[in-house]
Ligand SMILES: [Mg+2]
């Protein structure tokens, strides 16, 4: 969903340097909490028809996109954080694509199982 250019990456690296690892983790908690709040507001105020969300005029204060963007940025920054593993410097997110492939495969398997259960 989100594409990062070189300048984005440099800015996020500078943010980690300036505010430190602990602050990035606290920020992750805060941003995840804000997304949870926006999802809860959406569930309370929106209508759901044909797999689409319809926001009511009274739910203008909901800004799921903005909070999701904050969370994406913070997640990316947390993935850049380095740690030591048996004397080697690694990044938290360095294996995230490999793990993602495994998780998507699990999801695919689950979907296939459900289709098989419906057909039997
Ligand atoms: Mg936010």
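Bear in mind that the values in this text are calculations on the coordinates, not laboratory data. The model shown is predicted, which means the values in this text are computed figures rather than measured ones. All Cβ positions, glycine included, derive from the backbone under ideal geometry; neighbour counts span all protein chains shown.
Only one of the listed residues (92, 36) is within 19 Å of residue 24 (Cβ to Cβ) and surrounded by 13 or more Cβ atoms within 10 Å (Cβ to Cβ). That residue is 92.
In region 77-96 there is at least one residue that is within 26 Å of residue 14 (Cβ to Cβ) and within 16 Å of the ligand (Cβ to nearest atom). Got a number for residues in region 14-70 being free of Cβ contacts under 8 Å to residues at least 40 places away in the same chain, in contact with a helix residue (DSSP H, G or I) (Cβ under 6 Å, 6 or more places away or on another chain), away from the ligand (no atom under 16 Å from the Cβ) and closer than 23 Å to residue 2 by Cα? So the answer is 0.
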